[in-house]
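To keep things clear, I will list the structure first and then write my remarks on it.
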Amino acid sequence: QVQLVDSGGGLVQAGESLKLSCVASRINIKISTMGWYRRAPGKQRELVAHLTGGGKTIYGDPVKGRFTISRDDAKNTLYLQMNDVKDDDSGVYYCYGRKLGVEYWGQGTQVTVAS
């Protein structure tokens, strides 16, 4: 069973940085499509960042230029570096991975931005 364990959320001041991690098991992130979504209270889930096995990245418009998705193949871990965070970045962030056409999700990690 694929398992994704995301962590790294917390309380952060506006303008500061935070780094989320997603440790993957039974899925090779080097060749898989991986990414991050978030959900804020009262809002729909939205794409934050997406990374293909070939290394192509896609970012949601609200985070372009501020967030960076990356991975450590040796650790089979996906990251999301969040810089210059804003109030609207608050929400629960979910790691996901796609293997053989099936999507898997982490349990979510809460990010709260205080202004």
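The values are calculated or read from the model by the stated rules, or taken from the named source; none is laboratory data. These figures come from a predicted structure and were not determined experimentally. Using ideal geometry, Cβ is built from the backbone for each residue, glycine included, and neighbour counts are taken over all protein chains shown. Accessible surface is based on the protein model in full, side chains and every heavy atom, while ligands, DNA and RNA are left aside. Shrake-Rupley method; radii C 1.70, N 1.55, O 1.52, S 1.80 Å.
Measure out, as a whole number of angstrom, how far apart the alpha-carbon centroids of region 1-63 and region 72-91 sit. Between the Cα centre of region 1-63 and that of region 72-91, the gap is 6 Å.
Of 56, 30, the residue with the largest accessible area leads and the full order is 56, 30 (1.4 Å probe). Here the accessible area of the chain is 47 percent carbon and sulfur, with a 1.4 angstrom probe and all protein chains present. Diffusion of the chain by Stokes-Einstein, at 25 °C in a medium of 0.890 mPa s and with Rh set to the Kirkwood radius over alpha-carbon pairs, works out to 176 µm²/s. Rounded to two decimals, the Cα radius of gyration of region 27-93 over 2.2 N^0.38 Å is 1.13. Remark: the residue 84-residue 30 segment gains 16.7 nm on full extension, using 0.36 nm per residue and subtracting the alpha carbon distance.
Given their separation in residues at 0.36 nm each and the Cα-Cα distance between them, residue 45 and residue 11 gain 10.2 nm when the chain is fully extended.
The residues of the chain expose, per residue, 53 Å² of accessible area to a 1.4 Å probe. Note on the chain: Lys pairs 8 or more places apart or on different chains, Cα atoms under 23 Å apart, count 17. Around the Cα centre of the chain, unit charges on the Cβ atoms of Lys, Arg, Asp and Glu (plus for the first two, minus for the last two) sum to a dipole of about 400 debye.
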